[in-house]
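Derivation of every value follows stated rules applied to the coordinates shown; laboratory data play no part. What you are looking at is a predicted structure, and each value in this text was computed from that prediction instead of being measured. All Cβ positions, glycine included, derive from the backbone under ideal geometry; neighbour counts span all protein chains shown.
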Amino acid sequence: MVTSLENQVTASPKIEQHFTLRGLQWHQFKAIQASFEDVPGVRLFYCQGVLEIVTISKLHDAIRCMMGLLLGAYFVEKNIEFFPSGSYSQIVEGVVEYQADLSYCFGKDKDVPDLCVEVVITSGSPIKLQKYRLMGVPEVWFWEDGTLAIYHLQEQGYEQVSSSEFMPELDLSLLLRCILISSPLEAIKEFRKGISSND
């Protein structure tokens, strides 16, 4: 029987730490960022005067890696041309800087990703969607506590939707179930079997 990460995800304490500082100018953010250059497992996000400092846990990276493996398998199975850029920094000088956990362009490589994915272990971010809106990212996914929230950019801002506009046939319940399988090999096998049976 395949074991699951579900108990660890839903019952474990929030092992990541999240700090927010407001009213910072860009040069102050860059100075703070420079002081964290040699500190592993910490990410800094800046958006219109708000700085977030987040520590990254092993669980966070496990979920991120599993999602990347499964999405990669889906793109190959469905013959979707994709260009991953991982946690590459997205920057609008003086305004915003962030790194998504996963990001992808479809069809061709672009300056702004079509899809950004964030794994949320510690919630409460005041700049959750705003940083993506400033970059004009068309679609954003947030994985949190075993659920997936999908947002698509409209003229007035992001609207939560029930399926991906880039992958409308993706079975989200299958994806979420397989992310929580502790064996990556078994997770990919189960996921590939599931997406093949949907053809």
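Couple of notes before you dig in:
- Convex hull of Cα atoms in segment 74-118, direction-averaged projection (nm²): 3.2
- Relative pair counts by distance (%), Cα atoms of the chain, 10 Å bins: 8, 34, 36, 18, 4, 0
- Of Lys58/Lys131; Lys58/Lys128; Lys128/Lys193; Lys30/Lys78; Lys30/Lys110, pairs whose Cα-Cα distance is over 32 Å: Lys128/Lys193; Lys30/Lys78
- Nearest-ten-degree value, helix 58-77 long axis tilted from longest Cα axis of the chain: 50
- Cα gyration tensor shape of segment 81-199, rounded if a/c is under 1.5, else prolate or oblate by comparing a/b with b/c: prolate
- Label-point gap, in nm, between Glu186 and Glu169 - each point 7 angstrom along Cα→Cβ: 2.9
- Sum of side-chain charges, Leu51 neighbourhood, beta-carbon under 14 Å (Lys, Arg +1; Asp, Glu -1): +2
- Of all beta bridges that DSSP places with both ends in the chain, some 85 percent have antiparallel geometry.
- Relative to the current alpha-carbon distance between Ala31 and Gln154, full extension at 0.36 nm per residue lengthens the span by 40.8 nm.
- A helix-only calculation puts the chain at -9500 deg cm²/dmol for mean residue ellipticity at 222 nm, using -39500 (n - 2.57) for each DSSP H run of at least four residues, averaged over all residues.
- Other residues within the sphere of radius under 14 Å centred on the Cβ of Val140, judged by their own Cβ, net out at -4 (K and R +1, D and E -1).
- Grouping the Cα pair distances of segment 9-98 into 5 Å bins from zero gives a pair-distance distribution of 3, 11, 18, 18, 16, 14, 12, 7, 2, 0 percent in increasing distance order.
- Compared with the dominant Cα axis of the chain, that is its longest principal axis, helix 26-35 is turned about 70°.
- Helix 184-197 vs. the chain, principal-axis angle (Cα, 0 to 90°, nearest 10): 60
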